[in-house]
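Beneath this line is the structure, given in structure tokens, with notes to follow.
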Amino acid sequence: MQKYDIIGDIHGYATTLKALLTKLGYRAEDGAYRHPERVVIFLGDFIDRGPEIRETLQTVRAMVDGGSALAVMGNHEFNALAYHTPDGQGDYLRKHTVEKVEQHRATMEQLGTLYPDEWKGWLEWFSGLPLFLDLGRLRAVHAAWDPEAVNAFQSVKRIDKETLRAMADKGSLLGKAKETLLNGVELRLPQGHFFSDKSGFKRKDIRTRWWEPLAGKTYRQAVFPDSETVPDYPIPTAFTTRAVAYKSDEPPVFFGHYWLSPDAAKVPLAPNVACLDYSVAKGGDLTAYRWDRERVLNAEKFVGVR
């Protein structure tokens, strides 16, 4: 059975990515990084924020096309598709608000504006990325694994314009499933409450520790990553009974997305659950997990480059 190196969010840090691949024993060969015994799984979020977005995409795609890597879509790749797709009513599926323009600025400055035809090709490539990988003894997703959300996308092999419009509608079946897989399981705070996220934006919804049961927890105990600004009120039973926790007998699952502190300990979140986003764009490590078919994950298998 194949052994994998799972790599978290890159966000345009190609030099760091190449350093991590080298540390893991991959070497540039025939235009792509390769390992004689192992394959990489990229967890999405290749674009936005960093200084080497074009080179990051080229490095990742060369490995995917060359058979030395697999990749799933991140929310930033989906956001790019929606940002550049008209909604048919004079706007775009992802509105060009000040916040969203700023989030996408680095990609447009480095790639979209300078290489417009090439950028169209990257958007086409994004549309073919899967939202999850279920490889039997291992699972990979950008933000959260949920059986219903996974099932909703089982028959989707490529995101055409019709599918993209459905995914951009947060009230549709595909929209709800996309939100879970790419943005995590969210929970609305009690009326009148909000908290500030790591970018300084006010939020009314928290991202939860979706792999754990919510019963008996407060909002502060449920939020992930930890936040002292989230109210310490009990979560209503109506929400806790609908929550789906990740069972201990399921295959190991790997995800990124959550901007863990650069100084956070690199340890599994549960025996079969690991997050690999340690905020490379904010001075943290680009992080991999070296999976050798084990069912119980080991803190010693995390590898990072800062």
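The values are calculated or read from the model by the stated rules, or taken from the named source; none is laboratory data. Source: prediction; values computed, not measured. Heads up, the Cβs are rebuilt from the backbone with ideal geometry, glycines too, and the neighbour counts pull from every protein chain shown. Remember, those area values only see protein heavy atoms, side chains included, never the ligands or the DNA or RNA. Shrake-Rupley method; radii C 1.70, N 1.55, O 1.52, S 1.80 Å.
From the protein chains alone at 1.4 Å, what is the descending order of accessible area for GLU102, GLU37, GLU212, largest first?
GLU37, GLU102, GLU212
Among ALA177, GLY50, GLY128, pick out the residue whose Cα is farthest towards the positive end of the charge dipole of the chain, where Lys and Arg carry +1 and Asp and Glu carry -1 on C-beta, about the Cα centre.
Sorting the options by dipole projection puts first ALA177.
Quickly work out the ASP205-to-THR240 label distance, labels modelled 7 Å from Cα along the C-beta direction, and quote it in nm with one decimal.
Roughly 2.2 nm, to one decimal.
What is the distance, in nm, between label points placed 7 Å from the Cα along the Cα-to-Cβ direction at VAL267 and at HIS96?
4.8
Just how large is the dipole of region 223-293 about the Cα centre, in debye to the nearest 20, putting +1 at every Lys and Arg Cβ and -1 at every Asp and Glu Cβ?
For region 223-293, the charge dipole is close to 220 debye.
Which of ALA265, HIS35, THR15 sits closest to the plus end of the dipole of the chain, meaning its Cα is farthest towards the positive end, when Lys and Arg get +1 and Asp and Glu get -1 on the C-beta?
After comparing all options, I get ALA265.
Ranked highest first by the average count of other Cβ atoms within 10 Å around their residues, in what order do 160-166, 2-8 fall?
Order by mean packing, descending: 2-8, 160-166.
Would you kindly state how much longer the chain becomes between PHE194 and GLU29 on full extension, computed as 0.36 nm times their sequence separation minus their alpha carbon distance, in nm to one decimal?
Here the segment from PHE194 to GLU29 would lengthen by 54.4 nm.
With charges only on Cβ, +1 for K and R and -1 for D and E, what is the dipole size of the chain about its Cα centre, in debye, rounded to 20?
About 380 debye.
Return the subset of LYS95/LYS176; LYS95/LYS157; LYS95/LYS178 for which the Cα-Cα distance in this structure is over 21 Å, preserving the input order.
LYS95/LYS157
Under the 0.36 nm per residue contour assumption, what length would be gained going from the current alpha-carbon distance of THR163 and ASP134 to full extension?
8.3 nm
When only alpha-carbon atoms count, how far does the chain stretch along each of its three principal axes, as whole angstroms with the largest first?
Computed over the chain, the largest-to-smallest principal extents equal 56, 51, 38 Å.
Quick check: pseudo-label points 7 Å beyond the Cα along Cα→Cβ at ALA19 and GLU148, how many nm apart are they?
4.3
Taking the Cα centre of region 4-126 as origin, work out the dipole magnitude from +1 charges on Lys and Arg Cβ and -1 charges on Asp and Glu Cβ, in debye rounded to 20.
240
For VAL156 and GLN89 in the same chain, what is the full-extension length gain: residue separation times 0.36 nm, less their Cα-Cα distance, in nm?
21.5 nm
Highest mean first, how do 150-156, 130-136 rank when packing is the count of other Cβ atoms within 10 Å averaged over residues?
130-136, 150-156
Placing one identical point scatterer on every Cα of region 60-161 and ignoring solvent, what is log10 I(q)/I(0) from the Debye formula at q = 0.13, 0.14, 0.18 Å⁻¹?
The computed values of log10 I(q)/I(0) come out as -0.56, -0.65, -1.02.
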